1. Any chance you could count how many residues in the range 357-389 are over 19 Å from Ala270 (Cα atoms), in contact with a Ser or Thr (Cβ under 6 Å, 6 or more places away or on another chain) and part of a strand (DSSP E or B)?
2. Counting only residues that are within 16 Å of the ligand (Cβ to nearest atom) and either over 21 Å from Met389 (Cα atoms) or assigned to a helix (DSSP H, G or I) (or both), how many does the range 411-432 have?
3. Being under 26 Å from Gly73 (Cβ atoms) and either within 12 Å of the ligand (Cβ to nearest atom) or at pLDDT 95 or above (or both) is the requirement here; does Val174 meet it?
4. Test Pro366 against the stated conditions and say whether it is in contact with a helix residue (DSSP H, G or I) (Cβ under 6 Å, 6 or more places away or on another chain) and over 21 Å from Gly169 (Cα atoms).
5. Determine if the range 78-94 includes at least one residue that is in contact with a His (Cβ under 6 Å, 6 or more places away or on another chain) and aliphatic (A, V, I, L, M).
6. Give the residues of the range 34-54 that are closer than 15 Å to Thr136 by Cα and in contact with a Leu (Cβ under 6 Å, 6 or more places away or on another chain), sorted by residue number.
7. Is there a residue in the range 115-129 that is under 19 Å from Glu428 (Cβ atoms) and either at pLDDT below 95 or among the aromatic types (Phe, Trp, Tyr) (or both)?
Amino acid sequence: MVDPTSGPIAATEQPLARAQAEVAELLSDLIRIDTTNTGDTATGRGERAAAEWVAGKLGEVGIDGEIHESERGRASLVARVEGADPSRPALLIHGHLDVVPADPAEWSVHPFSGEERDGYIWGRGAVDMKDMDAMTLALVRDWARTGIKPPRDVVLAFLADEEAGGKLGARWLVDEHPDLVGDCSEAISEVGGFSITVRDDLRLYLVQTAEKGLAWMRLTAGGKPGHGSFVHDDNAVTRLCQAVARIGNHRFPTVLTPPMRAFLDAVSDAYGIEIDADDPEHALARLGSISRMIGAALRNTANPTMLTAGYKANVVPGTATATVDGRFLHGQQEVFERELAALIGEGVQRDWIVHDQAVETTFDGPLVEQMVSALKAEDGGARPVPFTMSGGTDAKSFERLSIRCFGFSPLRLPPDLDFAALFHGIDERVPVESLRFGVRVLDRFLRAC
Ligand SMILES: [Zn+2]
């Protein structure tokens, strides 16, 4: 059914006029549905309301979406846009509906206002990743209204729980309803497709082809408990802290994975600089703040993040525990764990809290060619390059079904915007023009793939 409130489409209407006109409003509406994911279902909220809102927006143009709940309120929506050739494998577009918490006291605007100001849509989720959700929605609504069919089926998945690892969203869907996405050969989602300006006529567009694996661990040291006034040579706190300090002070060696090599070649070429393989960080600094995100993909990392021990100043506790956030590159899991074991040393036990694989695909093939040509058609100065994410996304779940996963949420960004800082950051926002650009690129890409 066509949206009765929006009227017939004028014969003179430009292609994508509707999608470009409504994408910002769709994003604002979605931001206003507070979908804060605290990692605890009891205190999280809004995913069900967001999934129902998406279902409504799809229903207005005749696309049926089905809502699936892993737990009460933890809702994900899956829909299928029929393609011209149903015999071809489908393409998956997945986007999470949940966001990380935001404290209104720290923000210039209320984080759940979805306010438009200075050409930007502001609010939690504006870049992570309700922007892509809104661009996808705007586009498929436009197609449905104008009778456009993509060349093959497009499966849409709007997901719960990504911000807490996807156990109640993507991972649950892959485990419990693999049939819904099982015929997809490739997927696009966050984090990638955004631009870094090199100069007026050259922008790198970073397409994510790899992400690091996750190894969150708990370290536990034991010792002899006793009175704090005695002489002690078997102290759990001391033993734990020595291991924690060794890990925290350790710099894992640089490992150039194939996507990182390709990325560095592109940076070298774009800036006309030589890159020292022993010190690639130096060259990455040219990219500005985004180098923090990318530099972490040059090596495995392990950062101590939490410490717990003791209950009174004059009591030596029998155990002490620490939490360490470990991340390893594709193909590096064994090497990482060996190096880590040596750092932890004797007398400290290591248990995994969360362990998930690294993801990697190649930057080639027809799908990548279509990404490249869609970006170049909308931005003559575009130079798409593959890159590796230091964080993790729902791609980890979909890769389990042998789906090739790409971070491709196209945004042409202003040169001075500190994009990396907006992820989970204060005053998260996205330019309206970037959203419109994204809709046009996605349209070209999806109609050609
Ligand atoms: Zn995200």
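1. Qualifying residue count for the region: 0.
2. The number of residues fulfilling the criteria is 4.
3. Yes.
4. no
5. The answer is no; no qualifying residue exists.
6. Ala50, Ala51, Val54
7. Yes, that holds for at least one residue.
This table checks each residue for (1) away from the ligand (no atom under 16 Å from the Cβ); (2) surrounded by fewer than 24 Cβ atoms within 10 Å (Cβ to Cβ).
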{"position": "Leu139", "(1), (2)": "yes, no"}
{"position": "Arg145", "(1), (2)": "yes, yes"}
{"position": "Ala157", "(1), (2)": "no, no"}
{"position": "Gly169", "(1), (2)": "no, no"}
{"position": "Asp179", "(1), (2)": "yes, yes"}
{"position": "Glu186", "(1), (2)": "yes, yes"}
{"position": "Ser195", "(1), (2)": "yes, no"}
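The values are calculated or read from the model by the stated rules, or taken from the named source; none is laboratory data. Every value quoted in this text rests on a predicted model; they were computed, and no experiment measured them. In this analysis, Cβ positions are derived from the backbone assuming ideal geometry, glycine residues included, and neighbour counts consider all displayed protein chains.
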